[in-house]
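The values are calculated or read from the model by the stated rules, or taken from the named source; none is laboratory data. Since we're looking at a predicted model, the values are computed, not measured. Methodologically, a virtual Cβ is constructed for each residue, glycine included, from the backbone with ideal geometry; neighbour enumeration extends over all protein chains shown.
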Amino acid sequence: MTSPPNDIGDQLIAFLPNMRRFALSLSRAPDIADDLVQQACERALANAASFEPGTRFDAWIFRIIRNLWIDRTRRQKTAGPSEDVYERQDLVGEDGQQVVDARQALTSVKEALDAMPEEQRAIVMLVCVDDLSYRDAAEVLGVPIGTVMSRLARARKRLAEMTGINPAPGRSTGARD
């Protein structure tokens, strides 16, 4: 004859401190011990029909905890090492707001570049993106170096205006005084 499930539940509740002590002795970690006790309670309630009245409840529940511990240990060996990311202080993540702001800024710059005249866009790309010298950019475009310098100045000013970038105080804006 099997015990009604509520009898097992009552015994589990009364035996929780002993179960936790045993689980702590196996795991040596309070959080893991609590997990083992919870899993053991779930398993005991699900398999209440397998408990034979007249046998020792403590031996039955301790065997469940021990088997859960063995299963957990085996699983960890095959899964490899794991770390709790919340305990790691050296991990660096991305700030979501910074990522969004950077994408918006890049989109703004791309739209401004697309709206620029071809001659200004080409000079910005060659000098600022491809890192060519003024002389090399002049050779690529087939124009004098002075033309490269003036186009680049106008392009930078236009790009700053279109993206809402204000020049630093005291810095030349390209306007003649």
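Table for the structure above
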quantity: Residues being small (G, A, S), assigned to a helix (DSSP H, G or I) and surrounded by 12 or more Cβ atoms within 10 Å (Cβ to Cβ) - total across the stretch 15-49; calculated: 6
quantity: Residue match in the stretch 89-105 (condition: surrounded by 10 or more Cβ atoms within 10 Å (Cβ to Cβ), more than 26 Å from the chain's Cα centre (by Cα) and basic (K, R)); calculated: no
quantity: Residue list for the stretch 1-23, filter: hydrophobic (A, V, I, L, M, F, W, C) and either at pLDDT 95 or above or under 13 Å from I61 (Cα atoms) (or both); calculated: I8, L12, I13, A14, F15, L16, M19, F22, A23
quantity: Residue match in the stretch 93-108 (condition: in a helix (DSSP H, G or I), of a type in the set (D, E, K, R) and touching a helix residue (DSSP H, G or I) at 6+ places or on another chain (Cβ under 9 Å)); calculated: no
